[in-house]
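Structure, as structure tokens:
The values are calculated or read from the model by the stated rules, or taken from the named source; none is laboratory data. These figures come from a predicted structure and were not determined experimentally. As a convention, Cβ positions derive from the backbone with ideal geometry for all residues, glycine included, and neighbour counts pool all protein chains shown. The area values use the complete protein model at the heavy-atom level, side chains included, leaving out ligands, DNA and RNA. Shrake-Rupley method; radii C 1.70, N 1.55, O 1.52, S 1.80 Å.
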Amino acid sequence: MEEFRRAILQPGPVETFALKTVQEFIKPQKQTKLVQDENQLLENMLRTLLQELVSSAAQSGEEIMLSGKSIDDEENSQGQIPRLLDAVLYLCEREHIEGGMIFQLLEDLTEMSTMRNCKDIFGYIESKQDILGKQELFARGKLVMLRTCNQLLRRLSKANDVVFCGRILMFLAHFFPLSERSAVNIKGVFNTSNETKYEKEPPAAISLDFNFYKTLWSLQEYFCDPSLTLSPIKWQKFSSSLMVVLNTFEAQPLSEEEGDANNLEEEAAAFNIKYLTSSKLMGLELKDPSFRRHVLVQCLILFDYLKAPGKNDKDLTSESMKEEIRSREEHVKKLLEMTPPKGKDFLHMVEHILEREKNWLWWKRDGCPPFEKQPIENKTVQDGGKKRRPRWRLGNKELSQLWKWADQNPNALTDPQRVRTPIITDYWKPLAEDMDPSAGIDAEYHHKNNRVYCWKGLRFSARQDLDGFSRFTDHGIEGVVPLELLPPDVRSKYQAKPNDRSKRAKKDEPKGALHQVEDNQISTPASEIDGEGIRIDLEASAAPMDTDVTATTGSISQSGTPTPDEHQKQGSDTDGGQEAGQLEADAEAEAGMIDGETDAEVDLEAVG
């Protein structure tokens, strides 16, 4: 450690002594790169040295980043701590030591420093942003840097340290890519801790419409959490309070002279992020155009949230509520246009911002896909002529390549392993994960919303899992998922219950025996006979049938129950007909069998 302390006091750039000092202190196995144990030893030593330097600076009363600075060369010299950080950063950039070491030292330094010194430390971090953002360093230390910045934001006051908070947020915006999910509020959670406190009881000896005062500040509850307005009762209360405020603004318009005289935004360079809620200031705040604009813009943001597409069915607004939102929005825009100065320009700017906000909304709901695209390499064409467009035997490169493979390997197109039907449990596994409540996946991202995925799964289940396929009628597409894939609490919802159809069949057996003579005399419609035969066959046989519906219905309707020979014949016909062009015909046959079954049950119950 003493070697490093003496090294950082040497004049000259850090490149001249950084690697040499590490080699003398560690004596690494490799000359220019440390292994894991050596990196850990060096990191412990550097963190101890940094702690001693901070402690000595605090005892001497000097600023941390200026401690140990040379008086002779005041312009170019650095303090001991910045020089130590520069040496470590140089070694990390050249990959002599582990890349995340510099981030760990910066985190320790901010934790050991006061907020006054943290501003200087963060200034150093901003000056090294380009180096810290390099891919080889960023991948190792991005989580440590994110944790460091979040800890600083928690220690800062949002009212008194607004500029420093803004610097940290701007640094994170430049340091992390735009599509970084840790910086995006995917679920749209509102900051409900931002509570606006105001007076509940009217003050004495003050002439004030206290009911209007309470009504105005009560709107902040809904602006803080707009999801409250989705409740019909809450919406009616908010709508009535908003109308009182809007009518008061409209009854007390501001002239251009009053707007210019009372506009406080241009007079003060720094202003608080929240307005004072004292009832004594109510009269002055009503004359302030910026105060009115804040309230009206909050209304437009809330209306924009309620009109946002893509919510769940339970969060959708009713038609009457949509009409009421539209009328309130027009009223708010009219008041914004009337509020001086430059009301029309201000309204146009707000509408433009809200319109752009919809693009961000769709981007977040699409899973935040990355914006960055890899550059296309421009291949230079040799001088002396144009590049000739290639000609392919079958129209394009892919088809020609397939034909070439078939020539080289005659069995390429007939190989049974070329295209394989997936196992039913592997296919339904993504939907089973969506159904698990512990996964926390929003309903709008479930696989059940993908029609192609569900349609293919039903076809696979009809051929591989007829028991699961039969649960589609009662439970929808989620009931088709194999039960072994579901967690126990979800599986109980789809457990197989006593078959109502078999109960009904047993119940109707005596009734059918009593009316057998009447059934022989009365001509039964062909659809009922066919549907009953198909239903008996589906319940009796364990294997799915992919045969022609007309032939199956005819053979079963004559004998009642198919014989083993008929089963064998149907199986051979099925195996011979499984070609690529007949898949859609099989699906239609299966759909027809299911429809016939339902119709047969309805008709039998009517006759019974």
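Hey, among E107, E199, which residue is modelled with pLDDT of 90 or more and not in a helix (DSSP H, G or I)?
None of the other options fit; the residue is E199.
In the condition set (1) farther than 14 Å from P430 by Cα; (2) over 28 Å from the mean Cα position of the chain (by Cα), E484 is compliant with all but (1). Against the condition assigned to a helix (DSSP H, G or I), more than 34 Å from the chain's Cα centre (by Cα) and modelled with pLDDT of 85 or more, how does D467 come out, does it pass? Yes. Among the criteria (1) over 24 Å from the mean Cα position of the chain (by Cα); (2) among the charged types (D, E, K, R); (3) surrounded by 12 or more Cβ atoms within 10 Å (Cβ to Cβ), the one K142 does not fulfil is (1). Exactly one of (1) part of a helix (DSSP H, G or I); (2) not assigned by the TED database to the domain that holds L361 is unmet by E221. Its number? Evaluating E221 over (1) part of a helix (DSSP H, G or I); (2) not assigned by the TED database to the domain that holds L361 leaves (2) as the failure.
Please work out if L137 is in contact (Cβ under 8 Å) with a residue 24 or more places away in the chain and aliphatic (A, V, I, L, M).
It is true that L137 is in contact (Cβ under 8 Å) with a residue 24 or more places away in the chain and aliphatic (A, V, I, L, M).
Would you say S179 is open to solvent by less than 60 Å² (accessible area, probe 1.4 Å) and touching a Pro at 6+ places or on another chain (Cβ under 7 Å)? Considered against the rule, which asks whether it is open to solvent by less than 60 Å² (accessible area, probe 1.4 Å) and touching a Pro at 6+ places or on another chain (Cβ under 7 Å), S179 comes out as yes.
Of note, T148 satisfies the criterion of being part of a helix (DSSP H, G or I), of a type in the set (S, T, N, Q) and crowded, with 21+ Cβ neighbours inside 10 Å. Can you find a residue that is part of a loop (DSSP other than H, G, I, E, B) and either at pLDDT 90 or above or within 16 Å of F122 (Cα to Cα) (or both) anywhere in region 34-57? No, region 34-57 contains no residue that is part of a loop (DSSP other than H, G, I, E, B) and either at pLDDT 90 or above or within 16 Å of F122 (Cα to Cα) (or both). Going by the structure shown, is L316 surrounded by 10 or more Cβ atoms within 10 Å (Cβ to Cβ), at pLDDT below 90 and not charged (D, E, K, R)? The answer is yes for L316.
For region 11-26, a residue qualifies if it is in contact with a helix residue (DSSP H, G or I) (Cβ under 9 Å, 6 or more places away or on another chain) and either more than 15 Å from L89 (Cβ to Cβ) or outside the structural domain of C92 (by the TED database) (or both), and the qualifying residues are K20, E24, F25, I26. On inspection, F291 passes the criterion of being among the hydrophobic types (A, V, I, L, M, F, W, C), assigned to a helix (DSSP H, G or I), at pLDDT below 95 and out of contact with any Gly (no Cβ under 7 Å at 6 or more places or on another chain).
For region 185-203, a tally of residues being open to solvent by less than 90 Å² (accessible area, probe 1.4 Å) and more than 33 Å from the chain's Cα centre (by Cα) returns 4. Only a single criterion out of (1) modelled with pLDDT under 70; (2) part of a helix (DSSP H, G or I) is not satisfied by R418, namely (2). If you filter region 328-367 down to residues that are over 23 Å from T229 (Cα atoms) and touching a helix residue (DSSP H, G or I) at 6+ places or on another chain (Cβ under 6 Å), you find that the one that is modelled with the lowest pLDDT is P341. Considering region 237-283, the residues that are modelled with pLDDT under 80 and among the small types (G, A, S) include one that is nearest to E195 (Cα to Cα), namely A270.
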